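Have a look at the structure below before the remarks.
Here, each number is a calculation from the coordinates, and none is a lab measurement. Please read these numbers as outputs of a predicted model, since none were measured by experiment. Neighbour counts are summed over all protein chains in view; Cβ atoms, including those assigned to glycine, are modelled from backbone coordinates with ideal geometry.
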Amino acid sequence: MMAGAYCRYCGRRCFVDRVLPDGSWAGHMATCPEGAAHDREVTGHDHTTAVNPHPTSQS
């Protein structure tokens, strides 16, 4: 999660870092349903289909 701005859809800081699969954009995407719908409309992707640029640990 990122600190800073609050989501206009849910009023929380529901953002995560993401990169579009083609690399044309990188930034913060919303994780709430309404914010994710907006991201899909604007970019064609939401936080579940864009690339997480941070390594994840798997144990």
Compare the peptides 29-42, 12-25 by average per-residue count of other Cβ atoms within 10 angstrom and give them in order, highest first.
-> 29-42, 12-25
Can you bin the chain into rounded, prolate or oblate? Criterion: square roots of the alpha carbon gyration tensor eigenvalues sorted a ≥ b ≥ c, rounded for a/c under 1.5, prolate for a/b above b/c, oblate for the rest.
-> oblate
